[in-house]
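The values are calculated or read from the model by the stated rules, or taken from the named source; none is laboratory data. All values reported here derive from a predicted model rather than from experimental measurement. Note that each Cβ is placed from the backbone with ideal geometry, even for glycine, and that neighbours are counted across all protein chains shown. Note: accessible area is taken over every heavy atom of the protein model, side chains too, but ligands, DNA and RNA are not part of it. Shrake-Rupley method; radii C 1.70, N 1.55, O 1.52, S 1.80 Å.
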Amino acid sequence: MAELASLEDPGARAVNEKHGDDHGVNLTKLRAVAKRLKTQQELSRGLWETGDTAARLLALLICRPRAFERDELDAMLRDARAPKVHDWLVNYVVKKNPYAEELRVSWFADPDPVVASAGWALTTERVAKKPEGLDLAGLLDVIEAEMKDAPERLQWAMNHCLAQIGIEHAELRTRALDIGERLEVLKNYPTSPGCTSPFAPIWITEMVRRQQAK
């Protein structure tokens, strides 16, 4: 904890806090600490228990993803309110855990929109890598009905799923583009030069163009 405190950078904190993340540690430096520590599951648990955002991010980098029980991951997600902690927990840990599919189904229907957003993130992973068994048209039905008025984190996750369906599944692409055009979610989101807009029609069109150019 003392080492993490020594890495505190007011400039980094100011940037992070704009995104809802209450820490000031440069992530490149954090990853360097994790690389030195290597995998240490018990230290990871101890760091998580501090509740400190930087410590939790480090915990997620040095843990053994397959070592967590289902209920443990469920409790961790519900306690992970900082967006970066939530994102890393889902992407670095839950996706590699044997209970990922069980948690996906459970979280997808959760009344807490932040928890539900994790279910959508795991569903998007399946849309891209293992769509067998998913009702893709049904997902589009839910997105069409609910994305426009969804809370921000859930809306982002639904939008990502919409884009992924449009990118990966040509037979549903026209409908995905149409939903994006009509709902206009993230249409005016500021995008840095060289980056692709998160507005689904632009995102889908650009990624399909890249795939076809290969």
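The table below gives the values:
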| quantity | calculated |
| --- | --- |
| Given (1) part of a helix (DSSP H, G or I); (2) closer than 28 Å to ALA100 by Cα, index of the condition PRO198 fails | (1) |
| Subset of segment 66-85 (residues that are open to solvent by 40 Å² or more (accessible area, probe 1.4 Å) and farther than 18 Å from PRO111 by Cα) | ARG66, GLU69, ARG70, GLU72, LYS84 |
| Candidate set: segment 16-43, residues that are among the basic types (Lys, Arg) and over 19 Å from the mean Cα position of the chain (by Cα); chosen: the one modelled with the lowest pLDDT | LYS29 |
| Checklist (1) modelled with pLDDT under 95; (2) open to solvent by less than 80 Å² (accessible area, probe 1.4 Å); (3) not in a loop (DSSP other than H, G, I, E, B) applied to SER192, failing item | (3) |
| Unmet requirement for GLY133, which otherwise passes all of (1) in contact with a Phe, Trp or Tyr (Cβ under 6 Å, 6 or more places away or on another chain); (2) at positive phi | (1) |
| Filter result for the condition that a residue is of a type in the set (A, V, I, L, M) and without any contact (Cβ under 8 Å) to a residue 12 or more places away in the chain, over ALA116, ALA67, ALA145 | ALA145 |
| Any chance ARG13 is of a type in the set (D, E, K, R), open to solvent by 40 Å² or more (accessible area, probe 1.4 Å) and at pLDDT 95 or above | no |
| Search result, residues across segment 17-46 that are touching a residue at least 24 places away in the same chain (Cβ under 8 Å), open to solvent by less than 30 Å² (accessible area, probe 1.4 Å) and not β-branched (Val, Ile, Thr) | ASP21, HIS23, GLY24, LEU30, ALA34, GLN41 |
| Every residue from segment 81-108 that is of a type in the set (A, V, I, L, M, F, W, C) and at pLDDT 95 or above | VAL85, TRP88, LEU89, VAL90, VAL93, VAL94, ALA100, LEU103, VAL105, TRP107, PHE108 |
| Yes/no for ASP141 being assigned to a helix (DSSP H, G or I), under 14 Å from the mean Cα position of the chain (by Cα) and of a type in the set (D, E, K, R) | no |
| Candidates GLU168, GLU132, GLU152 - the one that is closer than 27 Å to ALA100 by Cβ, in contact (Cβ under 8 Å) with a residue 24 or more places away in the chain and not basic (Lys, Arg) | GLU168 |
| Exclusive hit being over 21 Å from LYS84 (Cα atoms) and at pLDDT below 95, set ALA200, ALA213, ALA163, ALA176 | ALA213 |
| Residues (of a type in the set (Gly, Ala, Ser) and either over 19 Å from the mean Cα position of the chain (by Cα) or over 24 Å from LYS148 (Cβ atoms) (or both)) located in segment 185-214 | SER192, GLY194, ALA213 |
| Among the residues listed as ARG78, ARG56, ARG104, ARG126, the single one being over 15 Å from the mean Cα position of the chain (by Cα) and assigned to a helix (DSSP H, G or I) | ARG56 |
